[in-house]
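Below is one structure, written out as structure tokens; the observations come after it.
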Amino acid sequence: MENQAVSLSALSSGSTKDKKHTAPPQPNRAFGVIIRKEIADHIRSWRFLVLVALVLLTFVASLYVSVSNIRTTFTNTNDPDHAFMYLKLLTSTDNTMPPFHVLLSFLAPLLGISMGFDAINSEQNNGTLTRLLAQPIYRDNLLLAKFSGAILIVGMLFLSLTLLMIGGGLVLTGVRLEAQELIRIMGFVFVTLLYVAFYLSLSILLSIVFRQPATAALSALGLWLFFTVFYPIIVNLIIRAFLPDPAYLTQAQVMGYNEFILDILRIAPNQLYTDAATTLLMPSIRSLGPMSMEQMAGAIPSPLPVKESLMIVWPQLSGMIASSTGCFAIAYYLFMRREIRS
Amino acid sequence: MEPIIQLRNLSKRYGTFKAVDELNLEVYRGEIFGLLGPNGAGKTTSILMMLGLTDPHSGTARVCGYDATKNPIAVKQKVGYMPDSVGFYNHMTALENLIYLGRLNNLDESTLKDRAEEVLNIVGLAGSMDKKAGIFSRGMKQRLGLADVLIKDPEVIILDEPTLGIDPAGVKEFLTLIKTLSQQQGLTVLLSSHHLHHVQQVCDRVGIFVGGKLLAQGDIASLSANLFGKEGAVTTIKTVHLIEQPWPLEAEMRQWGALTEIAISGDTLEFTTQHDITPRIVRHLVEKGYNILQVSRKEYGLDEIYQKYFESSFNENLNHGKSSGIFKRAFFGQHKR
């Protein structure tokens, strides 16, 4: 405003005459605008580059290991799944490093947490949250856009990686890709996304609860660590204290207890994810619970059709969807009526 | 005339502390209203309630005909709000920041860039529109904040402490800009401040807000008349020579009736009068052969008004032991972080 005369003349010539610049109302345009900005922000951020590098590294390393001994796995006729070359690419290993889907069960939470832990609180600390919410947008649109922006990016990343893997495999080996394999692999990508979604909505929730991004990140990581490491230990300890001596139980009772323990372990999202991912990628898995000898008798060790595998993982999928939605609902509840102050 | 901002018995409590207590306020179309009060008086809380950014405990806030608590989106379409510490996306340029906000306001995409540049020109940031907002100084951010507000063509502008942290020259420019905008576009402006002089420069009416209560409102003249009317006007006259004691003219002038008191000290005469009779006093003294060096009439500005109100509210606090409330608030403030 060094030259005020100029600026004031500009003022009088403009804006007063054409008073309305607003286009006819389109209710959900703001949502798209925020998503677009979120995605642009993520892509340009260093954090995202680091994460992509990590995922790529995991992917290349595990693919290298599995490609180098694909011949032995493919010709191993003792394994009922040996004919699914592309599934084997994702799951086989020579025991020097864990297979891709196990590595991903560590990386996915990291991805989800790091994309969401500062979603709301950094905006609040920067003073941009007040500015944003002083505009005619719905608060839930902001939350939803933060969530969908991140999940869209992660989805794109995983989808392109998987397609890259399939394409690379096709070029390298020339083995035909079966429809069943494609469905299973896409299902695996979807399950992984659900897993990321859970941690993403958890970290967005924590970013609303805690004002400092560092606190939110740390508590999200703490929860993740609790679920992966301590939760099974604690469950084991407690169950062992209550469990009667198996020697005095009938087989049916032992099975019942086993089922019960598994059900409790399945509260942890990582258990759900591992169950679902392995079932989808290893077609010969027929049940996630214990099976009796009667059930096993007469079963031919052969791969299940896709539909059956999907039936097995359906409870796991619903569990993960439910826990993500639950986190999101709490976040929504906390955020909607909150006082927005910078 | 229908008020454009209408607050009725608006109250907000944090725990037992009343941040805003039964606030009634009306602001009319086209005026500049100043909400004046010390820190922690509840100015920001009231403003947040007008925008639906926080919910009142009781009472209603109607802005542009909409209930701000129940229909905040409609209010936000017509009201531009600049928070006291406005923040921007530091990695985006000023223009990008502004365009993003324009899109959120559903402005026409084809003319959006021109519109943003025009607004940046109005607030005087045309030269720095392609610089990142992260490197902006406080004053520039404040201007960009004003551009934010203007781009959506609001009917009402609410500015929370707009002059905070700008240098004196910048403050003057900023206030002139607000005044001009209000006059040319017929905007209604509500601004809060604890800087009385800034408010005095631009506001048509002011409301004095202490401890969650609106103590007084009106234009500055009527406020001072209310407060100091009973004390009358004070005229001070300095002469070249010392005034002899006792002063022979005193008895004569007392006959005028308007004079309530005459104080003489050395070469200075101080007249306290029921109403302003300065010209008559001066004429009389000149006729009597006094050489006058200086005449001054004491006027009550916001400073005195402010002081007066704060004094009384401070005394009240002491009497009613409200200090415990302040203490709790300090504790709560820490807790809230």
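The values are calculated or read from the model by the stated rules, or taken from the named source; none is laboratory data. Here the structure is a predicted model, which is why all the values come from computation and not from measurement. For neighbour counting, all protein chains shown are included, and Cβ atoms are generated from backbone atoms with ideal geometry for every residue, glycine included. Just so you know, the surface numbers come from the protein's heavy atoms only, side chains and all, with ligands and any DNA or RNA stripped out. Shrake-Rupley method; radii C 1.70, N 1.55, O 1.52, S 1.80 Å.
A few comments on the model shown:
- Amide hydrogen neighbours beyond the local backbone of B:Arg29, cut-off 5 Å, H modeled: B:Ile4
- Computed from phi, the 3J(HN,Hα) profile of the stretch B:104-112 under the Karplus parametrisation 6.51, -1.76, 1.60 (θ = phi - 60°) reads 4, 8, 6, 6, 5, 4, 5, 9, 4 Hz, with x in place of Gly and Pro.
- Computed on protein heavy atoms with a 1.4 Å probe, the accessible areas place B:Asp148, B:Asp114 in the order B:Asp114, B:Asp148, largest first.
- Nitroxide proxy distance, nm - points 7 Å out along Cα→Cβ at A:Thr77 and A:Thr250: 4.3 nm
- Total buried accessible area between B and A, probe 1.4 Å, nearest 100: 4600 Å².
- Start at zero, step by 5 Å, and the Cα-Cα distances of the stretch A:181-285 spread as 2, 11, 15, 16, 15, 15, 12, 8, 5, 2, 0 percent across the bins.
- Of the chymotrypsin sites (Phe, Trp or Tyr not before Pro) found in the stretch B:35-133, none is in coil by DSSP with at most 12 other Cβ atoms within 10 Å of its Cβ.
- Candidates A:Ser122, A:Leu89, A:Pro99 compared by Cα position along the dipole of the stretch A:86-159: farthest toward the positive end lies A:Ser122, with charges placed on Cβ.
- Residue among A:Ser324, A:Ser68, A:Ser105 with the largest mean-square fluctuation in a Gaussian network model of chain A, springs linking Cα atoms under 10 Å: A:Ser68
- Distance violations [Cα-Cα > 29 Å] among B:Lys131/B:Lys172; B:Lys18/B:Lys76; B:Lys43/B:Lys76; A:Lys146/B:Lys213; B:Lys141/B:Lys213: A:Lys146/B:Lys213; B:Lys141/B:Lys213
- Surface exposure of the stretch A:28-336, expressed per residue as accessible area with a 1.4 Å probe, stands at 47 Å².
- Over the stretch A:28-336 - Rg/Rh using Cα atoms and the Kirkwood inverse-distance radius: 1.01
- Averaging the Cα positions of each part gives two centres, and for the stretch A:96-139 and the stretch A:233-275 these lie 34 Å apart.
- Alpha-carbon gyration tensor eigenvalues x 5, square-rooted, for the stretch B:5-218, Å: 28, 19, 16
- FRET efficiency for B:Lys238 and B:Lys131, using Cβ-Cβ distance with R0 set to 56 Å, rounded to 0.05: 0.55
- Largest first, the residues A:Met336, B:Met1, A:Met85, A:Met311 sort by 1.4 Å accessible area into B:Met1, A:Met311, A:Met336, A:Met85.
- Here the 3J(HN,Hα) profile of the stretch A:174-183, calculated from phi with Karplus coefficients 6.51, -1.76 and 1.60 at θ = phi - 60°, is x, 6, 5, 8, 8, 4, 4, 5, 4, 4 Hz, Gly and Pro shown as x.
- Net +/- balance of residues flanking A:Gly116 in space, Cβ distance below 15 Å, scoring K and R +1, D and E -1: -2
- Seen from A:Thr77, the other residues with C-beta closer than 15 Å to its C-beta sum to a net charge of 0, counting Lys and Arg as +1 and Asp and Glu as -1.
- Our helix-only sum for chain A, with -39,500 (n - 2.57) per DSSP H run of n ≥ 4 divided by its residues, gives a mean residue ellipticity at 222 nm of -23500 deg cm²/dmol.
- Average partner coverage of B:118-125, which counts Cβ from other chains inside 10 Å: 5
- The convex hull built on the alpha-carbon positions of the protein assembly as shown has an orientation-averaged projected area of 43.9 nm².
- Alpha-carbon geometry of the stretch A:49-197: the Rg and the Dmax are 19.4, 65 Å, given in that order.
- Relative contact order, percent, the stretch B:5-218 [alpha-carbon distance under 8 Å, six or more residues apart]: 31 percent
- Among A:Ala61, A:Ala119, A:Ala150, the largest mean-square fluctuation in a Gaussian network model of chain A (Cα springs under 10 Å) belongs to A:Ala61.
- Only one residue of B:Ser182, B:Ile158, B:Ser110 has its Cα farthest out toward the positive end of the dipole of the stretch B:5-218, where Lys and Arg carry +1 and Asp and Glu -1 on Cβ, and that residue is B:Ile158.
- Label point distance in nm, A:Leu334-B:Ile292, each placed 7 Å from Cα along Cα→Cβ: 7.1 nm
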